[in-house]
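What follows is a short report on a single structure.
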Amino acid sequence: MDESTRHRRKIKIKKMEIEFVPENNLEFVLNPNNKLTEDAFYGPGCGGNPFRRRLQKLLRNWMKLMANSNLEYFLCYGSLMGYQRTKDFIPYDHDIDICLNEKDFPSLIKKESQRPINVRDKLPHTIIARSFVNGKRLNCEGVLVDTKMDPCSIVSPAARIILGQYNFIDVYLYKTGHVYNPYPELQFDEREIYPIRSCSFADIITRCPSNSDSLLRKFYGLESIEKPHHICINGQFVATGTNVTERKLDWLVKKIKRFKNKRKREKNLS
């Protein structure tokens, strides 16, 4: 959810019949000729997302969890922005945002990973946010702690699928009549979300809202798709404005730089 703050607000939308576009009849099939490159939006010199393979692994795991089910979900927030721009991850993103219908949350709870969890085993693990008295939560060892001390000790969003320390899927809940959104007093036309449709994101078939373009411009502003909060200058991503919300990604940009340098050193040693 990197293009904006993560405040939760309930936004009313009219009740509707839920309809899916069958995955064997895609409305959209990814055409490389229509896929804009990262350079077109973010500028040349920084390359693609260094976490791409890890994020793909997470998304494939999510699709496996959702297989043979009628659970209602779609890409949202920063991941939806990446889809709308290049049909791929934002190059400085480290997570995936998915909105899941609240009524389907019990089905996801059943898929929760058993603790203790080894975050170094290179496997995805499903974490359900459980809040106890005085803000206590469970860490990866299954012990109650007072604050976030590892990837498992969360109280929000509703669920998180983790892969190591820094890559994960955030699962946000919505329900018929409401959808969470970072801005208050913002209403959506039901046609912007339904029917939820199949889409190809990072070369993986998943699900998107009906009108991603309209939804994102209401989320983040009319020019948000064409004007990213970070662009590539002299080989590194730089915030395009002085807004605190935009500049908060600087820590991630630095982390990505360290990750690239580490990978380069390991490659030189091999």
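Nothing in this text is a laboratory measurement; each read-out follows from the coordinates by a stated rule. Quick caveat, the model's predicted, so the values are computed rather than measured. Counting neighbours? That spans all protein chains shown, and the Cβs are built from the backbone with ideal geometry, glycine included.
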Could I have the simple spin-label model distance between S214 and L71, label points 7 Å from Cα toward Cβ, reported in nm to one decimal? 2.8
For the range 118-130, just list the computed ³J(HN,Hα) in residue order, Karplus coefficients 6.51, -1.76 and 1.60, θ = phi - 60°, integers in Hz, with x standing in for Gly and Pro. 8, 6, 9, 8, 6, 10, x, 9, 8, 10, 9, 6, 10
Can you pick out the pairs among K110/K136; K87/K110; K87/K218; K57/K111; K111/K227; K110/K148 whose Cα atoms lie more than 29 Å from each other? K87/K110; K111/K227
So what is the relative contact order of the range 32-229, in percent, for Cα pairs below 8 Å that sit 6 or more residues apart? 22
If you place +1 on the Cβ of every Lys and Arg and -1 on the Cβ of every Asp and Glu, how big does the dipole about the Cα centre of the range 32-229 come out, in debye to the nearest 20? 660
Quick one: what are the phi-derived ³J(HN,Hα) couplings along the range 139-155, Karplus 6.51/-1.76/1.60 with θ = phi - 60°, whole Hz, x for glycine and proline? 8, 5, 7, x, 9, 5, 10, 8, 8, 6, 10, 7, x, 8, 8, 10, 10
